[in-house]
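Only one structure is covered here, and it is reproduced in the block below.
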Amino acid sequence: MAAIDFFYEFASTYSYPAAMRVEDVAAKAGVTVRWRPFLLGPIFAEAGWTTSPFNLIPAKGRNMWRDLERTCEAMGLSFQKPDPFPQNSLTAARIATSLPDDGKRAAFSRELYRLEFGEGLSIADAEVLGRALKAAGVEPATALIAAGSDAVKQALRATTEEAKAKGLFGAPSMVTADGELFWGNDRIEQAVAWAAKGVPA
């Protein structure tokens, strides 16, 4: 069965609507989605950035927030800008990495995005993380312990290094089995169509 690797960063604005629709788009085409949480911070650091490019270029940031509002409205998603932006996503990414990619990782990720960009809550807050875990049917205390393990920390580093090796520079990004890279919420259909006609996973 064809598949796409869905690389997402919890601090990424456009990863919010993408996470809410990628599986529906893929399912209609018979394509499997692999949920791949990673960190953009190390990639931005190599470019000499200490924050999001949406903060570095104010006009770009203003346009992005308005565009995200329009996108969420069109999709029927709630929207509230989190403060600060970008959020500290390290613990969230470790938790997602620790969860099996059998539906639980996706469920946790979607709910955490909803809390972050739908309600404007902090994803560094243990209570918020716990709410997302419970919504995914995962015991928060157990998940938080697992997320702090050396194995999970190394796995997240490895995924981030893999993302860099594949040429990722932003999120969300979709990579097909033959190595084609598609960037952005508005490229999901294109990525899925490419995967469906291309090399099986």
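The values are calculated or read from the model by the stated rules, or taken from the named source; none is laboratory data. Computed from a predicted structure; not experimentally measured. Note: ideal-geometry Cβ built from the backbone for every residue, glycine included; neighbour counts use all protein chains shown. The area values use the complete protein model at the heavy-atom level, side chains included, leaving out ligands, DNA and RNA. Shrake-Rupley method; radii C 1.70, N 1.55, O 1.52, S 1.80 Å.
Do we have any residue at all in the range 70-91 that's basic (Lys, Arg) and surrounded by 14 or more Cβ atoms within 10 Å (Cβ to Cβ)? No, the range 70-91 contains no residue that is basic (Lys, Arg) and surrounded by 14 or more Cβ atoms within 10 Å (Cβ to Cβ).
Quick check on the range 93-105: of everything there that is surrounded by fewer than 21 Cβ atoms within 10 Å (Cβ to Cβ) and not acidic (Asp, Glu), which residue is farthest from ALA143 (Cα to Cα)? This residue is GLY103.
Taken over the range 13-34, residues that are open to solvent by less than 10 Å² (accessible area, probe 1.4 Å) and part of a helix (DSSP H, G or I) amount to 7. Summed over the range 145-158, the residues that are of a type outside the set (Ser, Thr, Tyr) and open to solvent by less than 60 Å² (accessible area, probe 1.4 Å) give a count of 8.
Criterion applied to PRO37, PRO53 was being open to solvent by 10 Å² or more (accessible area, probe 1.4 Å) and touching a helix residue (DSSP H, G or I) at 6+ places or on another chain (Cβ under 8 Å), and the one residue passing it is PRO53. Close contacts from the range 170-187, counting a first residue that is assigned to a loop (DSSP other than H, G, I, E, B) and a second that is hydrophobic (A, V, I, L, M, F, W, C) and open to solvent by 60 Å² or more (accessible area, probe 1.4 Å), with Cβ to Cβ under 8 Å and a gap of 6+ residues or different chains, come to GLY170/TRP183; PRO172/TRP183; ALA177/VAL199; ALA177/ALA201; ASP178/VAL199; GLU180/TRP194. Any residue in the range 122-144 that's open to solvent by 60 Å² or more (accessible area, probe 1.4 Å): show its pairings with residues that are of a type outside the set (Ser, Thr, Tyr) and assigned to a helix (DSSP H, G or I) at Cβ separation under 6 Å, as long as the two are six or more apart or on different chains. Partner pairs satisfying both residue conditions: ALA135/GLU111.
If you filter the range 142-169 down to residues that are among the basic types (Lys, Arg) and part of a helix (DSSP H, G or I), you find that the one that is farthest from GLU46 (Cα to Cα) is LYS153.
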